[in-house]
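Shown next, in structure tokens, is the structure this report addresses.
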Amino acid sequence: MKVLLTGANGYIGRRLKQHLLTQEGVELRFFVRNKKSLSKEMVEKHEVVEGDAFDTEALKKALEGIDAAYYLIHSLNNKNYKELDKLAAENFIQTATACGVKRVIYLGGLGVKNSDTSEHLLSRLETGEILSSSHTTQTIWLRAGVIIGSGSASFEIMRNLVEKLPLLITPKWVQTYAQPIAVDDVIKYLIASLSLEYDKNLTVDIGCEKMRYKDMMLEAAKALGLKRWLLPVPFMSITLSSYWLNLFTPVPFRVAKALIEGLKSEVTMQNNNAAEFYPQIKPISYTESVKRAVEQIEQNQVISRWSDADGAIWDKSHANQINDAIFVDRQEVDISAYEKEKLFKVITSIGGKNGWFGYDFLWEIRGVIDKALGGVGLSRGRRDECDLRLGECLDFWRVEDIQKNERLLLFAQMKIPGSAWLEFKIIDNKLVQSAYFYPKGIWGRIYWYSLVPLHYFIFKNMIESILKNAEKDA
Ligand SMILES: NC(=O)c1ccc[n+]([C@@H]2O[C@H](COP(=O)([O-])OP(=O)(O)OC[C@H]3O[C@@H](n4cnc5c(N)ncnc54)[C@H](OP(=O)(O)O)[C@@H]3O)[C@@H](O)[C@H]2O)c1
């Protein structure tokens with residue numbers, strides 16, 4: 001069976017990819033916006049079509065000869081995600097129909113349309129309706145509510161809130177019912193949808209037990225070994241709650257707002273098709289799913305995170321800007337006495353719990369300032385203490401390039417008046433560390449000059465500490 005996977009770098013797509021690779025009889029093709037986002041092995045072993053859902057030629061290449069296509073495209077990180085998601089779905093189903101694709105498998109959100117339904121959910125429902133509009137291509141539309149798994153946005157929000165705040169002041173909508181589901185179960189339904197013997201459109205609501213958001217938070221606290229209290233108050237508006245989440249959790253304001261708006265309406269299963277068509281899948285309980293997520297975090301085995309999407313399209317948007325950077329802080333050291341592999345391992349351990357090679361309190365302060373300005377701050381941390389991959393985020397940076405034993409390039413995603421990069425390059429016997437800044441207007445220049453004294457200490461110390469750490473590991 002020839003299967004197309006879209007959204008392979010997203011939260012769900014990355015996990016699904018791992019499972020699809022082990023399925024017998026499945027020939028996999030990827031549709032990604034940047035080929036570099038896939039490992040060398042993946043590109044060598046599988047067909048890869050590079051393109052965007054707005055490029056119908058690329059879609060045609062991706063969908064030709066395909067039996068079943070997973071549709072996991074979602075643009076929540078964009079301001080106009082509603083229009084983008086609509087257009088992407090229209091392009092996709094039209095091309096899939098023209099190419100004779102038999103089945104599209106889409107994962108959307110649970111819920112019904114009413115006056116309380118959030119914009120985000122309405123958009124997810126619209127995508128499902130568009131994808132189900134073909135007369136010849138069948139669509140299996142799985143609908144999940146809150147997905148619980150290490151790195152999922154909803155779980156990370158709950159985890160950060162309960163870990164940081166003993167008393168949780170919440171909006172009154174935490175009384176609303178939802179039906180969560182473990183990410184592993186979502187993957188089971190997605191995989192089983194490939195071989196489902198049914199040829200008409202099908203909507204399948206999936207989830208475990210029905211519970212209030214408030215109980216989900218208290219249960220999550222319990223699983224983390226914490227006793228927490230909840231105080232729902234009427235004055236927590238959507239905007240105030242979104243700022244609150246932005247401040248205490250890793251999610252940016254826009255994502256927080258979309259999720260908070262969704263709390264107002266019940267997101268529970270509306271049909272029994274999961275039990276009827278997939279009787280072999282028995283979803284695990286909410287408590288069990290939280291325990292699994294916590295275990296994965298503790299064992300440093302987070303496969304994907306909500307922030308993975310969009311990471312790998314950087315080079316199409318501002319790759320050349322770095323060459324125009326006006327300000328550069330460059331540090332260079334001789335590394336002839338060091339093994340390149342060890343040095344690179346130290347370099348790529350930067351950030352998260354490992355810290356920033358000294359002056360960590362200054363990085364912490366910068367993180368707090370960034371949060372106060374509505375940025376992501378340092379709370380995203382690292383997915384894995386040792387491993388780094390292209391496109392993923394690292395505190396308030398994003399990995400823009402990673403070439404083993406040669407180069408690590410980080411792009412700053414903090415709120416700054418301009419664009420900034422931090423680069424580590426191993427060239428022959430030299431380690432070159434460069435901080436680039438492309439200022440925006442006068443404020444950008446003032447920003448850079450005001451930080452010059454701090455940069456002097458931070459960056460000089462950084463390269464020296466990298467060498468010291470490499471000596472320690474030797
Ligand atoms: N995560 C959850 O908690 C959750 C809960 C319920 C339902 N769902 C549903 O599950 C589906 C997948 O969600 P997710 O969380 O995995 O999303 P995600 O992490 O935001 O990933 C979205 C994917 O879409 C791709 N994409 C975005 N715009 C594109 C475009 N124009 N052309 C081609 N690809 C594009 C991105 O590709 P790049 O890698 O190139 O950036 C990324 O891989 C969504 O329909 C969502 O509603 C998710």
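The values are calculated or read from the model by the stated rules, or taken from the named source; none is laboratory data. What you see is a predicted model; the values in this text were computed from it and never measured. Here Cβ is always computed from backbone atoms with ideal geometry, including for glycine, and neighbour counts include all displayed protein chains.
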Of Lys291, Lys342, Lys282, the only residue that is away from the ligand (no atom under 16 Å from the Cβ) and at pLDDT 95 or above is Lys282
Task: Condition check for Glu50: surrounded by fewer than 21 Cβ atoms within 10 Å (Cβ to Cβ), over 21 Å from the mean Cα position of the chain (by Cα) and in the same structural domain as Tyr106 (by TED's automatic domain parsing) - done: no
Expected single match for over 30 Å from Val251 (Cα atoms) and without any contact (Cβ under 8 Å) to a residue 24 or more places away in the chain among Lys45, Lys60, Lys2 is Lys45
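Okay, residues lined up against (1) of a type in the set (A, V, I, L, M); (2) within 16 Å of the ligand (Cβ to nearest atom); (3) assigned by TED's automatic domain parsing to the domain that holds Trp244; (4) assigned to a helix (DSSP H, G or I):
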site	(1), (2), (3), (4)
Leu362	yes, no, no, yes
Lys371	no, no, no, yes
Gly375	no, no, no, no
Gly381	no, no, no, no
Asp384	no, no, no, no
Val399	yes, yes, no, no
Leu409	yes, no, no, no
Val432	yes, no, no, no
Those residues of the stretch 274-291 which are touching an Asp or Glu at 6+ places or on another chain (Cβ under 7 Å) and buried (at least 19 other Cβ atoms within 10 Å of the Cβ) amount to Ala274, Pro283, Tyr286, Val290
With respect to Arg159, determine if the residue is of a type in the set (D, E, K, R) and either over 30 Å from Pro232 (Cα atoms) or modelled with pLDDT of 95 or more (or both). no
Filter the stretch 92-111 for residues that are among the hydroxyl-bearing types (Ser, Thr, Tyr) and out of contact with any strand residue (DSSP E or B) (no Cβ under 6 Å at 6 or more places or on another chain); the one that is nearest to the ligand (Cβ to nearest atom) is Thr95
Hey, Gly351 under 22 Å from Asn77 (Cα atoms) and small (Gly, Ala, Ser) or not:
no
Point to revise | Test for Asn114: is it surrounded by fewer than 16 Cβ atoms within 10 Å (Cβ to Cβ) and away from the ligand (no atom under 15 Å from the Cβ) | key: yes
Those residues of the stretch 78-91 that are more than 9 Å from the ligand (Cβ to nearest atom) and surrounded by 22 or more Cβ atoms within 10 Å (Cβ to Cβ) come to a total of 1
Within the stretch 348-384, the count of residues that are among the small types (Gly, Ala, Ser) and closer than 19 Å to Glu400 by Cβ comes to 5
By residue number, the members of the stretch 33-67 that are aliphatic (A, V, I, L, M) and in contact with a Ser or Thr (Cβ under 8 Å, 6 or more places away or on another chain) are Ala53, Leu59, Ala62, Leu63
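Yes/no matrix, rows are residues, columns are (1) surrounded by fewer than 23 Cβ atoms within 10 Å (Cβ to Cβ); (2) in a strand (DSSP E or B):
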position: His135; (1), (2): yes, no
position: Leu161; (1), (2): yes, no
position: Leu168; (1), (2): yes, yes
position: Val186; (1), (2): no, no
position: Leu190; (1), (2): no, no
position: Tyr198; (1), (2): yes, no
position: Cys208; (1), (2): yes, no
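Is there a residue in the stretch 55-62 that is touching a helix residue (DSSP H, G or I) at 6+ places or on another chain (Cβ under 9 Å), crowded, with 22+ Cβ neighbours inside 10 Å and assigned by TED's automatic domain parsing to the domain that holds Ala256?
Taking the stretch 55-62 as the starting set, the residues that turn out to be touching a helix residue (DSSP H, G or I) at 6+ places or on another chain (Cβ under 9 Å) are 55-56, 59-60, 62.
Subsequent filtering for residues that are crowded, with 22+ Cβ neighbours inside 10 Å retains 59, 62.
Now drop any that are not assigned by TED's automatic domain parsing to the domain that holds Ala256, which leaves 59, 62.
The answer is yes, given that some residue of the stretch 55-62 is touching a helix residue (DSSP H, G or I) at 6+ places or on another chain (Cβ under 9 Å), crowded, with 22+ Cβ neighbours inside 10 Å and assigned by TED's automatic domain parsing to the domain that holds Ala256.
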